[in-house]
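First up is the structure itself, then whatever we jot down about it.
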Amino acid sequence: MSLSMSQTSLPAFIIGLNALCAILDKAEAFAKARKIDSPVLTGWRLAPDMFTLARQVQAAADQAKNASARLAGIDPPRFEDNETTIEQLKARLVKTIAFLNTLDPQLIDASAGREITFPIGPDNKGRMKGADYLHHFALPNYYFHLTAAYAILRQCGVEIGKRDFLGAIPIAMI
């Protein structure tokens, strides 16, 4: 049995966004315990030329919803990038997951050989077959932003580990 495009994409996006939401819960508790204003924490970044925590979360959500919509052949919903608090970022993740749950897996599955056109920066467009787009562009970008958000929070001192990053993956225990 081969793995379909929807089986490769939707669970990875949903599990990762749920894990990010749980990590943000821990970040919120961390900030409250240390009397750190939420916008201060969401404004942190790993390096001066990297996105802030808020932008990393927005980018992870956008990668998931935009890639899935492109693969399904539909327009993704547009979200304004105006979140400044952890609570607002979590709400964005919830909206993204709700959208992903509305997608027809058969439409995504039919995209493997279809050409996908997508933005690369503000002025350029890329074109790839659906399977290549998912495996070589969408998923790597998605995991990059998830990892960056996780790393920012670790750097700030939030007590999270690998298990938090992996989230609620279906593991069979022997």
Failed item, numbered, when residue 30 is tested on (1) farther than 20 Å from residue 164 by Cβ; (2) touching a Cys at 6+ places or on another chain (Cβ under 8 Å): (1)
Residue that is under 19 Å from residue 10 (Cα atoms) and surrounded by fewer than 22 Cβ atoms within 10 Å (Cβ to Cβ), where the choices are 132, 123: 132
Restricting the stretch 55-106 to residues that are among the basic types (Lys, Arg) and farther than 16 Å from residue 17 by Cα, the residue that is modelled with the lowest pLDDT: 78
Residue check, residue 102 in a helix (DSSP H, G or I) and among the hydroxyl-bearing types (Ser, Thr, Tyr): no
Members of the stretch 33-87 found to be in a loop (DSSP other than H, G, I, E, B), without any contact (Cβ under 8 Å) to a residue 12 or more places away in the chain, among the aliphatic types (A, V, I, L, M) and more than 14 Å from residue 148 (Cα to Cα), listed by number: 36
Residues (hydrophobic (A, V, I, L, M, F, W, C) and buried (at least 16 other Cβ atoms within 10 Å of the Cβ)) located in the stretch 59-78: 59, 60, 61, 64, 67, 69, 71, 72
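The values are calculated or read from the model by the stated rules, or taken from the named source; none is laboratory data. Treat the numbers as computed from the prediction; the structure is a model and nothing was measured. Cβ coordinates were reconstructed from backbone atoms using ideal geometry, including for glycine residues, and neighbour counts include every protein chain displayed.
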